[in-house]
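Everything below concerns the one structure shown next.
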């Protein structure tokens, strides 16, 4: 399988952090004891799909999107039970419709399953690369042990056969119907069996089994690896597993447990990104997932790693954070407690033929660019909006989602209905031309200024609850650099 | 430039209800009340009316679709009745339909009536849910921020740009805007038909809760129930009905082409449609210098910033100099060009489809010398400015009337 592996990576961690101390302060009366650190929590307008798009955007920045022949999405938290999320993500990322898409679901090891399947796919004729996105935002019941553990985030990997920065060298998979976590049709929260049972019968057995299996399969020893990473359900047990297997503490990748939390199907992908950001050419890196068994995957880092654009992206995402000081706000963001958002919170019936027809306009932020006068415009126009031009039907498609812009004007609307008032929005002038009104997100009114640079981020704009439709659209985020 | 309708159409009767949160009144009550006042004022009978126009925006609240609500409420005798809608400029659109019909000779006597019954919603502000306030169709719901009611924010953004362009700190800018509202509250307190009748101070405005940054509660007009009506006749017939008919000198509408929203040429410190409509209206009316010739006006002060930029867009104040005129009391009731003598949208109230005709009602009464404690001395020309939409996506009508 030489020559197949990772050619690019991307990562996304939501901006908000909830300290485990804050959870304990709110829920300690019910379940005493706090874990150390904080967990990343999605903003109210984010879900696994939007975070996957953000990671995908990061991964594909500067890449030829036409060269991507598939998109696999791994998660346990899809916006829809039926309606493929991978297809929505592929549309948002402006991939060709002539690709393979699939959702890898239901297991925490879905991330590594998707990676291995993508590598298998690349072996097929005509498939150059597959983008794998892993993203999760699992919901734990307030006061449950899982509430302390789960964190939100996403990562993306481009698996292909050219410019490989880490080649796939081996794998070892196991599959068990282990009843650690479950959600049935009507469950809102993840149900878990007793913590100690999960730890002792599952976690502490499956990960060593997979790693030892891989070592045996390829006749390797623990000292052959520069780094090994596996998810963390429990800090003490995480360290104990590595020790039992004979790894030095310096070989074990810090599992991001105190900075992000356990990010479900995204977790192994995120750990892989963490290893890649520190890896040197020639390093063997060993990734292991956990969930209904485990999967150990071995990569060998190549010299291409040194050509990767910015290898501090995970570090930067970790630094780009804001503490969510109100536990109640977290509950409201996640829909755990209903809050009064006013009558404007009612949503008009979504018109699906329209959202289908305009899918590129809405999901990939496509406008048009006049071929006569060169004016980009959003939404796309038949007749050029430039008053000195007015050309009819001389437009070419023009993608705004990856363009940066500046704030032309802004407001903070206190009467708009929002779960996180005031609603911030403003006029954005795109670099290279084009202007439209967008909401801002992940930002505060007091800091908004005319002339600020912004970048675009796909967010959940509304939820049409009576019809069960998630409305996604792009918002602007002021760039902090 | 076409010759226009100057002095071809006259107003012989007008009616206007009290505006407010009229919980005990239906749209029918409001239409009948405005219509009966206009009819009596004109001294004609219902059977004399040959065509009618109904202006209103929100069909989903109380009123319903089509012009049938007007025809069946007033029991109009099988004449042509048309409903028109151009957002907050709907009232002036009804007037325009009636004026053009009379001016063209299609009929001699026509009715324009604007009505809105929004307070049946059961919450403050404008209708939501199934209504598209943003005029970008159902796609607007998906792509526009706060599509249910982007008005406060979209006007607030104009204040940000205006302050920035003319080097005003937020406090300086907000203080100038506060004086606009204080003036309107003063006038509204003198008007028994006004929705809000309380004097306020600059401090009240500056200390009020924020609606959309940087605009606060007293920078924003409320929403009201109400109706207003006008009876229009051929100018050459007007004096046979009354000695003091009021003549239409100009009536112009400008509608945004899209460039203010989607093209980077727009500066967001003015409203282009107002400026364009004003140029044409002054041409039609034969006005060379608006600051010298206009006696008084009713501007569409949905927000204080709208009124401020309107002074400039109408070429009453030079660009960037509105603040100086405000500070000098130029637009106050005893100033050179009183603006909002009836209290404006800010205090008289804003039943969307009725507002354009309400503005005309005040100009009509002032010209006839019947404005009571608000009477302006010897006005010659009155101007109404009726704006629909938001600064980058608007429809503006400018009407000029005189004796």
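Taking other Cβ atoms within 10 Å as a rough exposure proxy, B:306, A:375 sort from fewest to most as A:375, B:306.
Computed over region A:58-191, the Cα gyration tensor eigenvalues convert (square root of 5λ each) into semi-axes of 29, 17, 13 Å, ordered from largest to smallest. Normalised by 2.2 N^0.38 Å, where N counts its residues, the alpha-carbon radius of gyration of chain B equals 0.90.
Considering only chain B, what is the antiparallel percent among its DSSP beta bridges, to the nearest 5? List each step's numbers first, then the result.
Numbers: 40 of 54 bridges.
For chain B, the DSSP antiparallel bridge percentage is about 75.
Can you give the calculated 222 nm mean residue ellipticity of chain A, where each DSSP H run of n ≥ 4 adds -39,500 (n - 2.57) and the sum is split over every residue, rounded to the nearest 500 deg cm²/dmol? Estimated from H runs of four or more residues: -6500 deg cm²/dmol. Using a 10 angstrom cutoff on alpha carbons, build the Gaussian network for chain B and name the most mobile of B:24, B:225, B:236. The residue that fluctuates most here is B:24.
Taking square-rooted eigenvalues a ≥ b ≥ c of the alpha carbon gyration tensor, is region A:337-382 rounded, prolate or oblate, where a/c under 1.5 means rounded and, failing that, a/b exceeding b/c means prolate?
Details: a/c = 3.71, a/b = 2.45, b/c = 1.51.
Taking the square roots of the gyration eigenvalues as a ≥ b ≥ c, region A:337-382 is prolate.
Let me make sure I get this right: for region A:256-306, a, b and c are the square roots of the gyration tensor eigenvalues over alpha carbons, sorted descending. Under 1.5 in a/c it's rounded, otherwise prolate if a/b > b/c, else oblate. Which is it? Taking the square roots of the gyration eigenvalues as a ≥ b ≥ c, region A:256-306 is oblate.
Going by a ≥ b ≥ c, the root eigenvalues of the Cα gyration tensor, does region A:333-468 fall in the rounded group (a/c under 1.5), the prolate group (a/b larger than b/c) or the oblate group? Please report the intermediate quantities before stating the final value.
Working: a/c = 2.55, a/b = 1.48, b/c = 1.72.
Since a/c reaches 1.5 but b/c is at least a/b, the shape of region A:333-468 is classed as oblate.
Legend: translational diffusion of region B:341-386 by Stokes-Einstein, Rh = Kirkwood radius over C-alpha pairs, 25 °C, 0.890 mPa s; D = 225 µm²/s.
Taking the longest Cα principal axis of chain B as reference, the axis of helix B:304-313 is set at about 80 degrees. Here the contact order of region A:5-333, divided by its residue count and restricted to Cα pairs under 8 Å and six or more residues apart, works out to 25 percent.
Stretching residue A:224 away from residue A:357 to a fully extended chain increases their span by 42.5 nm, per 0.36 nm per residue minus the current alpha-carbon distance.
Rounded to the nearest whole Å³, what is the per residue volume of the convex hull around the Cα atoms of region A:5-333?
Numbers: hull volume 40.7 nm³, N = 329.
In region A:5-333, the Cα convex hull volume per residue is 124 Å³.
Counting, for every residue in B:205-213, the Cβ atoms of other protein chains within 10 Å of its Cβ and taking the mean gives 4. Peptide B:253-263 is shielded by partner chain Cβ atoms: per residue, an average of 5 of them sit within 10 Å of its Cβ.
Springs between Cα atoms under 10 Å define the GNM used for chain B, and in it the highest mean-square fluctuation of B:48, B:244, B:334 occurs at B:48.
Whole angstrom only: what separates the Cα centroid of region B:339-403 from the Cα centroid of region A:69-126? Distance between centres, Cα-based: 61 Å.
Each label was represented as a point 7 Å from its Cα along the Cα-to-Cβ direction; for residue A:65 and residue B:267 these points are 3.7 nm apart. Quotient of the Cα radius of gyration of region A:121-161 and 2.2 N^0.38 Å, N being its number of residues: 1.85. Highest average first, the peptides B:262-275, A:205-218 ordered by how many other beta carbon atoms sit within 10 Å of their residues are B:262-275, A:205-218. How much of the pair distance distribution for region B:1-113 lies past 17 Å, counting alpha-carbon pairs only, in percent? When every Cα pair of region B:1-113 is considered, 56 percent fall beyond 17 Å.
So for A:411, A:174, fewest C-beta neighbours within 10 Å to most, what's the order?
Details: A:411 34, A:174 17.
Ascending number of Cβ neighbours within 10 Å: A:174, A:411.
Panel values: the protein assembly as shown, Kirkwood radius from alpha carbon pairs, Stokes-Einstein at 25 °C and 0.890 mPa s, translational diffusion coefficient 82 µm²/s.
DSSP assigns beta bridges within the protein assembly as shown; of those with both partners inside it, close to 80 percent run antiparallel.
What is the extension gain from residue A:236 to residue A:449, computed as 0.36 nm multiplied by their sequence separation minus the C-alpha to C-alpha distance, in nm to one decimal?
Details: separation 213, 0.36 × 213 = 76.68 nm, distance 4.61 nm.
Value of the extension gain: 72.1 nm.
Annotation for residue B:234 and residue A:323: the two label points, set 7 Å from Cα along the Cα-Cβ direction, are 8.1 nm apart.
Under 8 Å for C-alpha pairs, at least 6 residues apart: give me the relative contact order for region A:181-322, rounded to a whole percent. Intermediate values should be presented prior to the final figure.
Working: 176 pairs, mean separation 34.2, N = 142.
Normalised by residue count, the contact order of region A:181-322 is 24 percent.
Potential lengthening of the chain between residue A:99 and residue A:83 amounts to 4.1 nm, from the contour at 0.36 nm per residue minus the alpha-carbon distance. Other protein chain C-beta atoms within 10 Å of residue C-beta, averaged over B:155-166: 4.
Projected label points at residue A:201 and residue B:257, each 7 Å from Cα along the beta carbon direction, are separated by 7.4 nanometres. This ranking places B:359, B:296, B:237, A:456 by how few other beta-carbon atoms lie within 10 Å of each, fewest first, which gives B:237, A:456, B:296, B:359. Report, in whole Å, the centroid distance computed from the Cα atoms of region A:383-435 and region A:206-231. After rounding, the separation between the Cα centres reads 51 Å. Comparing B:373, B:192, B:351 in a Gaussian network model of chain B (Cα springs below 10 Å), the most mobile by mean-square fluctuation is B:373.
Output the 0 to 90 degree angle, nearest 10, between the alpha-carbon long axis of helix A:267-278 and the longest principal axis computed from the alpha carbons of chain A. That helix lies at roughly 90 degrees to the long axis.
No value in this document is a laboratory result; all are computed from the given coordinates. Everything numeric in this text was worked out from a predicted model, so none of it was measured. Here the Cβ is made from the backbone with ideal geometry for all residues, glycine too, and neighbour counts use every protein chain on show.
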